[in-house]
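Notes follow once the structure below has been shown.
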Amino acid sequence: MKKNIGAIIEKFFTGLCDVIVFFEYKDENGIIQHNQKTVLENIPCRVCYKNIKSAVKGKASDYVTQRVTLLVGRDVIIKDGSVIKVNQNGNTVFYQKTGEAAVYSSHREIEMAITAIPV
């Protein structure tokens, strides 16, 4: 039954994502350098958005924040601080993983924030 639920959820995955990690290393001169590496590519996924109104009213309008969640297969492990490039609905957006994944029997849900990190 659990595998069937996972297959049903994965039918809603309309995007593909790449996972990019940043790391430091010392070059041959002992100078610390920074680099990036794509560790996962073309992973089926879905980005879900939820707008949340603040309980505190501003002078001109209510404050609204947006919660962004990435849904991926249960076996996809993404480390904290990774940058996630998502192609969904004809758009490409870069996100940063911001929290521990919620792991369900059928999939994982990962909270993200839009990032300005150039890759």
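The values are calculated or read from the model by the stated rules, or taken from the named source; none is laboratory data. Remember, it's a predicted structure, so these values are computed and weren't measured experimentally. For neighbour counting, all protein chains shown are included, and Cβ atoms are generated from backbone atoms with ideal geometry for every residue, glycine included.
All but one of (1) under 21 Å from GLU24 (Cα atoms); (2) without any contact (Cβ under 8 Å) to a residue 12 or more places away in the chain; (3) of a type outside the set (Asp, Glu) hold for ALA102; which doesn't?
The failed condition is (1).
Tally time: how many residues in the range 69-119 are surrounded by 13 or more Cβ atoms within 10 Å (Cβ to Cβ), part of a loop (DSSP other than H, G, I, E, B) and of a type in the set (Gly, Ala, Ser)?
Counting residues in the range 69-119 that are surrounded by 13 or more Cβ atoms within 10 Å (Cβ to Cβ), part of a loop (DSSP other than H, G, I, E, B) and of a type in the set (Gly, Ala, Ser) gives 3.
Mind listing just one residue for me: the one in the range 34-53 that is under 13 Å from ILE78 (Cα atoms) and of a type in the set (A, V, I, L, M) and, of those, surrounded by the most Cβ atoms within 10 Å (Cβ to Cβ)?
ILE43
I'd like to check something: does the range 56-73 contain any residue that is small (Gly, Ala, Ser) and modelled with pLDDT of 90 or more?
Within the range 56-73 (the criterion being small (Gly, Ala, Ser) and modelled with pLDDT of 90 or more), the answer is yes, since at least one residue qualifies.
Can you say whether ILE31 is surrounded by 12 or more Cβ atoms within 10 Å (Cβ to Cβ) and aliphatic (A, V, I, L, M), as far as the supplied structure shows?
Taking the combined requirement at face value, the residue does not satisfy it.
Can you confirm whether GLY6 is under 21 Å from ILE78 (Cα atoms), touching a Lys or Arg at 6+ places or on another chain (Cβ under 8 Å) and at pLDDT 90 or above?
Spelling it out, it is not the case that GLY6 is under 21 Å from ILE78 (Cα atoms), touching a Lys or Arg at 6+ places or on another chain (Cβ under 8 Å) and at pLDDT 90 or above.
So which residues in the range 1-22 are hydrophobic (A, V, I, L, M, F, W, C) and either under 15 Å from ILE84 (Cα atoms) or under 16 Å from the mean Cα position of the chain (by Cα) (or both)?
PHE13, LEU16, CYS17, VAL19, ILE20, VAL21, PHE22
Collect the residues in the range 19-31 that are farther than 17 Å from ILE77 by Cβ and either hydroxyl-bearing (Ser, Thr, Tyr) or in contact with a Lys or Arg (Cβ under 6 Å, 6 or more places away or on another chain) (or both), keeping them in residue-number order.
Across the range 19-31, the qualifying residue is only TYR25.
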